[in-house]
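All remarks here apply to the structure that follows.
The values are calculated or read from the model by the stated rules, or taken from the named source; none is laboratory data. Since the model is a prediction, treat every value here as computed from it, not as a measurement. Here Cβ is always computed from backbone atoms with ideal geometry, including for glycine, and neighbour counts include all displayed protein chains. Surface areas here come from the heavy atoms of the whole protein model, side chains and all, with no ligands, DNA or RNA. Shrake-Rupley method; radii C 1.70, N 1.55, O 1.52, S 1.80 Å.
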Amino acid sequence: MHKKLLLYFSILVVLVGAFLAIFYFFQKKEEESLKSLSFNPISGNWEETKNPQRIELNEADPNPNKDGLNNRTVVRGYFEQINQEKNEITIKMALPFTGESQYKLATFKLPPDQKTFCSPSTIEDQITGKTHETKSLGFIVKNGQTMNISREQPIDFNKFYENANEKTYVFLQLTKDYSEKESNYIQKMVVVGLCD
């Protein structure tokens, strides 16, 4: 009798332990998917943010680009690294609807003949005369149009590769809307500040 009780108790403990382990695994997986990066202006460092309040891209209106300000082929963020073997660039991509306070690492495919452009770090408004940081501006890109950043000019990709660092801001236009489930190919890249 005692052996049967001990056996049932052992099975119960194993089942509860397995359930808790599975629950812990899925909880951790969900927490990882909700992490994003944020820039702390006081310390000057990138920090991981857990469970940030944000709207994921796939939750937003699928066709909000009537005015050209929400083109999903255009992404922006800070340079992270280039993998020459895989022909990929990774950036800290600004998350939508966060006022560029949250970022996540995203990787994009570079075409073999990557055309790279550069825009100055600041642009003067021709009407008001005020100077604005290029990275903080929004640019109108209607569906089917090619992105054009103010005062952009061609730059050799090697110059970008040799001089880019964690403070280098880039605008990327993809061949189609950004997707977390598929490879994202770059159509055009504009680097900010390397041609000042």
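Among the residues of the stretch 159-196, those identified as small (Gly, Ala, Ser) and surrounded by 17 or more Cβ atoms within 10 Å (Cβ to Cβ) are ALA164, GLY193.
Only residues that are in a strand (DSSP E or B), out of contact with any Phe, Trp or Tyr (no Cβ under 6 Å at 6 or more places or on another chain) and either surrounded by fewer than 13 Cβ atoms within 10 Å (Cβ to Cβ) or hydroxyl-bearing (Ser, Thr, Tyr) (or both) were counted in the stretch 82-123, giving 6.
Can you confirm whether GLU48 is open to solvent by 100 Å² or more (accessible area, probe 1.4 Å) and at pLDDT 70 or above? In short, yes. For the stretch 132-167, residues that are touching a Leu at 6+ places or on another chain (Cβ under 7 Å) and under 22 Å from GLY99 (Cα atoms) total 2. Checking each residue in the stretch 162-192 for being at pLDDT below 90 and more than 19 Å from the chain's Cα centre (by Cα) picks out no residue at all.
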